[in-house]
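The values are calculated or read from the model by the stated rules, or taken from the named source; none is laboratory data. Computed from a predicted structure; not experimentally measured. Backbone-built Cβ (ideal geometry, glycine too); neighbour counts: all protein chains shown. Side chains are part of the model used for accessible areas, which takes the heavy atoms of the whole protein and leaves out ligands, DNA and RNA. Shrake-Rupley method; radii C 1.70, N 1.55, O 1.52, S 1.80 Å.
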Amino acid sequence: MLKPLTKYLLICILITNVTGLALAQPKDNSPFSQFGLGDFVDSDMPSSHSMGGLGSVYHDFFEANLENPASLGYLQYTSLQLGFMVKRSSYTRVDEKQTIWNGNTNHFSLNIPIINPLNEALERRESEFSWATSFSLRPFSQIGYNVSIDDEIDSIGTVQSNFRGWGGIYNIGWGNGFKYKNFAAGINLGILRGQQVYESQTYFADISNGYDDIFQSTISYKGFQYRVGLIYEHPLDLHAARGEDDKPSKLLSAGIFVSGQSSFKTKSDVLKVAVNSLTSDVDTAVFVKDDPGEGIMPGAWGFGLMYRHAADFRVGVDYQANKWSLYENEARPYTMMDGWKIAAGGAWIPDANSITSYFKRVEYRAGFYTKMDPRVIDNTQLQETAFTFGAAFPFIVQRNVAWMQFGFDIGKRTGGDQLTDNFVRGNVGFIFNDNAWFIKSKYE
């Protein structure tokens, strides 16, 4: 029988390969993804996302919050976390309407407490220091669109233009979080890799011997990102808990993260040809291979507060901002604006220790967020607002607790006066826990 470590490694190898293939394929037909680096992917955990998106401060014993690496300091169980999303968008552009379904992998991470709390329990001691590490793969941005436009031009006739794009950028991350007493700190190092393809074709329907124009640009990205985070959890009932020889149950947490500005490199392949469909003649106007370029990926920061009452409920607020006005990209220039996000939400467990009712042990979540996307359409910055809902269902796998998480958003995204997206987005996450890693064996 395979050991737990071997099984986890096999699972990681399989999922990493499948996830890599999934991220490389076009999954969407979003007209918003034509702009900038494409649609930014919400890669936060379904747990915090269903509470509106409390990425700056959320932490838990059973799972890692990769938005703030300091949350790793609170992790007490090895966790394998998988996330998937499906989205139904109703796009409106001027008088045209279209409904699109799409789905993708949201995140994958393996998070391991280096100092295992089970060792402390077996040795009948309690340490005030903890340390956990994390390996993750998350999408950063995604493009996928297919747009056709017909124009009538005097002396030329009907001109049909088709615009297509696909591909994306993803983040391969390694994080570490440390906790001492009530204070936690963490750092996450990430490699940005990916490829995006942009293609346009122009047809002259009323010109019998005309040439059709075809343009294709393939851009490969390679860069580096880092993020540092802090979380402080203050017990509000410490003296009362000590008097009853118990642990505090009323806890107020403050969290902050900062992502530094970094540079990235690109390589571009550019092809522009004119094709005569009658004579099969091809006229190559431009052909460039591996054209180097550089760019700047701006920094971001976030701050949040969360109140937690033992295993009963928790509520919080979160604010995040980014300096996308500093963004530069020689391969595909685009001017962005600074963005921000405000979120609020909470979660509630009716009775975490209930024996008679399974649904009383389920954690129910709800929240709200509004944000300004850094991209600009028709001189107007994109805006998105949504209500979020979700639940976490516990179950037992090989004597360890595991979780199946569901969430959905109902929201609206607007770009200028002519482009609107009314969407419903579903999130599914799985957390598989194991507390048998790094156990010290003793023989007598």
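Structural remarks
- Selected from A205, A274, A300 as most flexible by GNM, with the chain as the system and alpha-carbon contacts under 10 Å: A205
- Efficiency of FRET from Cβ geometry, L305 and V273, R₀ 60 Å, rounded to 0.05: 0.60
- Carbon and sulfur %, accessible surface of the chain computed with the full protein complex present, 1.4 Å: 59 percent
- Length available on full extension from D312 to S354: 0.36 nm per residue minus the Cα-Cα distance, which gives 13.9 nm.
- Within the straight-line cut-off of under 19 Å between alpha carbons, the aspartates and glutamates reachable from K272 are E199, D212, D213, D281, D283, D290, D291, E330, sequence neighbours fewer than 8 places apart in one chain being disregarded.
- Base-10 log of normalised Debye intensity for the chain (one unit scatterer per alpha-carbon) at q = 0.14 Å⁻¹: -1.36
- Using a Gaussian network model of the chain in which every pair of alpha carbons under 10 angstrom is joined by a spring, one finds that among P248, P394, P113 the greatest mean-square fluctuation is at P248.
- The value of relative contact order for the range 44-148, using C-alpha pairs under 8 Å at least six residues apart, is 22 percent.
- Computed from backbone phi, the HN-Hα couplings of the range 81-95 come to 10, 10, x, 9, 9, 9, 9, 10, 10, 10, 8, 10, 10, 6, 9 Hz, rounded to whole numbers (Karplus: 6.51 cos²θ - 1.76 cosθ + 1.60, θ = phi - 60°; Gly and Pro given as x).
- Those aspartates and glutamates that a straight Cα-Cα span of less than 17 Å connects to K87, excepting residues fewer than 8 apart in one chain: D28, D39, D42, D44, E384, D409, D421
- Taking every protein chain into account, the accessible area of the chain amounts to 50 square angstrom per residue (probe 1.4 Å).
- Within the listed set G36, G243, G52, the residue fluctuating most in the Gaussian network model of the chain (springs between alpha-carbon atoms under 10 angstrom) is G243.
- FRET efficiency for the pair D154 and I191, taken as 1/(1 + (r/R0)^6) with r the Cβ-Cβ distance and R0 = 45 Å, rounds to 0.30.
- Potential extension, A241-K265 segment - 0.36 nm per residue separation minus Cα distance: 3.2 nm
- Cross-link partners of K179 among aspartates and glutamates, defined as those whose alpha carbon lies under 16 angstrom from its own and excluding same-chain residues fewer than eight positions apart: D60, E63, E120, E126, E128, E233.
- Cα-centre dipole for the chain with unit charges at Cβ (Lys and Arg positive, Asp and Glu negative), debye to 20: 1860 debye
- Two-site FRET efficiency, Y364 against Y334, from Cβ-Cβ distance with R₀ of 41 Å, rounded to 0.05: 0.50
- Under-27-angstrom lysine pairs by C-alpha in the range 286-444, whenever the two are 8 or more apart or on separate chains: 6
- Across the range 165-258, the mean sequence separation of Cα contacts (distance under 8 Å, 6 or more residues apart), normalised by length, yields a relative contact order of 25 percent.
- Label-to-label distance, nm, for residues given as T284 and V258 (7 Å Cα→Cβ offset): 5.0 nm
- Across the range 275-431, C-alpha contacts under 8 Å between residues 6 or more apart give a mean separation that, scaled by the residue count, equals a relative contact order of 14 percent.
- Between helix 4-24 and the chain: long-axis angle, C-alpha atoms, 0 to 90°, nearest 10: 20 degrees
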